Amino acid sequence: MTTPTRDEVLRAPKVLLHDHLDGGLRPATVLELAHEIGHDLPAQDAEGLGRWFRDAADSGSLERYLETFDHTVAVMQTSEALARVARECVEDLAADGVVYAEVRWAPEQHLAEGLSLDQTVAAVQAGFDQGQEAAGGRIVVRQLLTAMRQGARSREIAELAIAWRDRGVAGFDIAGAEAGYPPTRHLDAFEYLQRENAHFTIHAGEGFGLPSIWQAIQWCGADRLGHGVRIVDDIEVGADGHARLGRLAAYVRDARIPLEMCPSSNIQTGAATSIAEHPIGLLTRLQFRVTVNTDNRLMSGTSMTHEMSSLVDAFGYDLADLRWFTINAMKSAFLPFDERLDIINGVIKPAYAALAAPR
Ligand SMILES: O=c1[nH]cnc2c1ncn2[C@@H]1O[C@H](CO)[C@@H](O)[C@H]1O
Ligand SMILES: [Zn+2]
């Protein structure tokens, strides 16, 4: 297949499994919402604010990267604000050619103005419903409910995810600083979800290495890994290019555990040095179940089209490669199997076939 142009990448159907609702606001919306509640921001116009988020997130450490969320979370404390941000998120993803997305956020961070956990989920769902309806069936969006790893509410958030499982919530996640907050702190939540036959992903192998990935999979039972980039620490590549996998890397590959890779975000937090040197190249070559994601569109000034185009530029990927990432992601979604198949066979494959047809 041919090397796609940026416009072709935009038009190609894309699947997004790792995107934070509070990391994807439009700068103009942050400004408007902040103005309404009198929240002070570090810049007064949309362009300057967008730049501030990108620069401040460009810190080289996950902990400092996460400080930028203080501003977005601050303006998302009412049902109206949550619903608006959720609706705009769907609009932006649809305009970017995303056909299926799981968008995560942490309900426990949105209670400052008196909302209950249940009300926050209802507000986000109302926004997602509006956005999907306006897109006229071009995009399907589900929520993932995140618990903060430094917090103590993971069991409660897991129960919230179960309460909403047939009403728009597809799964559960934990996020936040990784070093010092191992996933096993939240074992109770993960065991509960397993007993409920529910799905969850865990941010692991981003700000911390192999022990975190090992715990996420072998202690907590994660279905997918958020990032997981540091799995390369368990892979040795010889001078001839031959790769030797350690036990954990082999397990991850053999079990087809999906890696939710977020190249731009990893450069900002210091988990990778550049796109060209990002482990996604090696992991793709070794046929791990790699997926491509945005993480935080505001903090990285990115989109799915941008992430995929950067990979095309850095690694020379063609449409067949982008299709592979996309089908990997759809296969790994927390959506029922028949619905995943419908999107793969009814949307993704025909659209890539049309794109690959002679121009
Ligand atoms: O890449 C990441 N690693 C770990 N935590 C993250 C990342 N991006 C965002 N969050 C955290 O997840 C919360 C809920 O969406 C955000 O508020 C942020 O603190
Ligand atoms: Zn993330």
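Comparing 56, 222, 94, which has the greatest mean-square fluctuation in the GNM of the chain with Cα pairs linked when under 10 Å apart?
Looking only at 56, 222, 94, the largest GNM fluctuation is found for 56.
In sequence order, what are the phi-derived ³J(HN,Hα) couplings for region 149-157 according to the Karplus relation 6.51 cos²θ - 1.76 cosθ + 1.60 with θ = phi - 60°, rounded to whole Hz, with x for glycine and proline?
With coefficients 6.51, -1.76 and 1.60, one gets 5, 7, x, 9, 10, 4, 5, 5, 5 Hz.
Non-local amide H neighbours of residue 25 (under 5 Å, H modeled in plane, Pro and chain starts lacking H): which ones?
298
Please check: in the Gaussian network model of the chain (C-alpha springs, under 10 Å), which one of 149, 289, 64 has the largest mean-square fluctuation.
Comparing 149, 289, 64 in the GNM, the peak value goes to 64.
Taking the Kirkwood radius as the inverse of the mean 1/r across Cα pairs, report the Rg/Rh of region 6-351. Provide the component values of the computation, followed by the final result.
Details: Rg = 18.8 Å, Rh = 20.0 Å.
Dividing the radius of gyration by the Kirkwood radius yields 0.94.
What ³J(HN,Hα) values, in whole Hz, does the Karplus curve 6.51 cos²θ - 1.76 cosθ + 1.60 give for region 3-15 when θ = phi - 60°, with x put for Gly and Pro?
Along region 3-15, the couplings run 6, x, 6, 4, 5, 5, 5, 4, 6, 5, x, 10, 10 Hz.
Please list, in chain and number order, the residues 5+ apart from residue 105 or on another chain whose amide H is under 5 Å from its amide H, with Hs placed from the backbone.
21, 144, 146
How large is ³J(HN,Hα), in whole Hz, for each residue of region 85-99 in order, when computed from phi with the Karplus curve 6.51 cos²θ - 1.76 cosθ + 1.60 and θ = phi - 60°, using x for Gly and Pro?
Result, rounded to whole Hz: 4, 5, 5, 5, 4, 4, 4, 5, 5, 4, 5, 8, x, 7, 9.
Around residue 70, with a cut-off of 14 angstrom between Cβ atoms, what is the net charge of the other residues, counting Lys and Arg +1 and Asp and Glu -1?
Working: positive: 64; negative: 22, 40, 63, 67.
Net charge in that neighbourhood comes out at -3.
Evaluate the relative contact order of region 219-359 (contact order divided by residue number), counting alpha-carbon pairs under 8 angstrom at least 6 apart; express in whole percent.
Values: 154 pairs, mean separation 26.7, N = 141.
Here the relative contact order equals 19 percent.
Hey, in the GNM for the chain with a 10 angstrom Cα cutoff, which one of 290, 237, 90 fluctuates hardest?
Among 290, 237, 90, the largest GNM mean-square fluctuation belongs to 237.
Got the relative contact order for the chain handy, in percent, Cα pairs under 8 Å and 6 or more residues apart? Please report the intermediate quantities before stating the final value.
Details: 661 pairs, mean separation 75.4, N = 359.
Relative CO of the chain lands at 21 percent.
Where only protein heavy atoms count, and the probe is 1.4 Å, what is the accessible area per residue for region 6-351 in Å²? Walk me through the numbers before you get to the answer.
On the way: 13400 Å² over 346 residues.
Each residue of region 6-351 exposes 39 Å² on average to a 1.4 Å probe.
What is the percent carbon and sulfur in the accessible area of the chain, measuring with a 1.4 Å probe over the protein chains and ignoring ligands? Can you show the working numbers first?
Values: 6940 of 14310 Å².
Looking at the chain in its full context, I get 48 percent from C and S.
The values are calculated or read from the model by the stated rules, or taken from the named source; none is laboratory data. Given the structure is predicted, the values throughout are model-derived calculations rather than measurements. A quick note on method: Cβ atoms are made from the backbone with ideal geometry, for glycine too, and the neighbour counts reach across all protein chains shown. All accessible areas refer to the heavy atoms of the entire protein, side chains included, with ligands and DNA or RNA removed. Shrake-Rupley method; radii C 1.70, N 1.55, O 1.52, S 1.80 Å.
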